[in-house]
1. Quick one: in segment 126-139, which of the residues that are surrounded by fewer than 19 Cβ atoms within 10 Å (Cβ to Cβ) and in contact with a helix residue (DSSP H, G or I) (Cβ under 6 Å, 6 or more places away or on another chain) is nearest to SER74 (Cα to Cα)?
2. Quick one: LYS123 ticks every box in (1) in contact with a helix residue (DSSP H, G or I) (Cβ under 8 Å, 6 or more places away or on another chain); (2) assigned to a loop (DSSP other than H, G, I, E, B) bar one, so which box is it?
3. Could you check LYS150 against (1) assigned to a loop (DSSP other than H, G, I, E, B); (2) surrounded by 20 or more Cβ atoms within 10 Å (Cβ to Cβ) and say which number it fails?
4. Evaluate the following for PHE118: is it aromatic (Phe, Trp, Tyr) and under 18 Å from MET64 (Cβ atoms)?
5. Please specify each residue of segment 73-105 satisfying the condition of being of a type in the set (A, V, I, L, M) and either closer than 26 Å to LYS183 by Cβ or without any contact (Cβ under 8 Å) to a residue 24 or more places away in the chain (or both).
6. If only one of LEU142, LEU92 is more than 26 Å from ALA54 (Cβ to Cβ), at pLDDT 95 or above, surrounded by 14 or more Cβ atoms within 10 Å (Cβ to Cβ) and among the aliphatic types (A, V, I, L, M), which one is it?
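The values are calculated or read from the model by the stated rules, or taken from the named source; none is laboratory data. Values in this document were obtained by computation on a predicted structure and should not be read as measured data. Methodologically, a virtual Cβ is constructed for each residue, glycine included, from the backbone with ideal geometry; neighbour enumeration extends over all protein chains shown.
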Amino acid sequence: MQSDRRMKDFERSMRAFKTITVGAAIVMCLLAAEFFSQAQTKIAETTFSYVVPAGWSVRNVQGMKYKSAFGKRSAGFSPNIIVIDERYSGPLEKYVSGNEATLRMVLPGYKRVSRIPFVTAAKIQGIKLVALQSEKAKKARLVFYFFGNKSGWKFVVTCTALASDGAKYDRAFNAAMKTFTLK
C-alpha cells in the first residue's frame, strides 16, 4: 500500500515535471520565434563580420571595398555603417591618434565627444571614438570603432547619423559593433 502511494506520488511528480518541461519548451520556442521574426542581416566578409541593425538594408557602394549598411532616410540623410581597412603594423592606440589628427584636418567643424575602449562580444579589443562634424547646415555624429588583427590590418567601422538623431542610433551602432568579429 505504501509502495502504491509512492508510485502514484512519483507518477504525479513525473507528470508535473513533463508539464513544466513542455511549458518551458513552448516558451523558449515563442521567444526564439520572436527573435527570428526580427532576424537581422549579417555582413560576412572574408576578414570580418557583424550583424546589421534590424530593418537596415545592405548594399555595395561604388568605391567601397566592403558592403555598407543603411537605415531609414530621415531629413534627407540615411544613417549608415561603412568599413574600411588599412595595413598598419603599429599599435591600435597610435593608429587611432593618427586618424584623429587627419579627421581634424579634413572634416569641417570636427569636435571630439569621447574616446574610450570598446570590447566586442567576441572579446576583440577596440577603441570607440565619437565626434561631431558640421558642414554647412548639416551636423553629423560620427562613431568610429577601430579594431586590429594579428596580421597588421586595422579596421575602421564608421557609423554616421545626423547629430540630432545621434543618441537615437548610438544603441543600434553599439549593438551592431558588439557582434563584430575578425576572421
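1. LYS139
2. Of everything listed in (1) in contact with a helix residue (DSSP H, G or I) (Cβ under 8 Å, 6 or more places away or on another chain); (2) assigned to a loop (DSSP other than H, G, I, E, B), LYS123 misses just condition (1).
3. (2)
4. Against the criterion (aromatic (Phe, Trp, Tyr) and under 18 Å from MET64 (Cβ atoms)), PHE118 does not qualify.
5. Of segment 73-105, the ones of a type in the set (A, V, I, L, M) are 75, 81-84, 92, 96, 101, 103, 105.
Result: ILE81, ILE82, VAL83, ILE84, LEU92, VAL96, ALA101, MET105.
6. Going through LEU142, LEU92 in turn, just one is more than 26 Å from ALA54 (Cβ to Cβ), at pLDDT 95 or above, surrounded by 14 or more Cβ atoms within 10 Å (Cβ to Cβ) and among the aliphatic types (A, V, I, L, M): LEU92.
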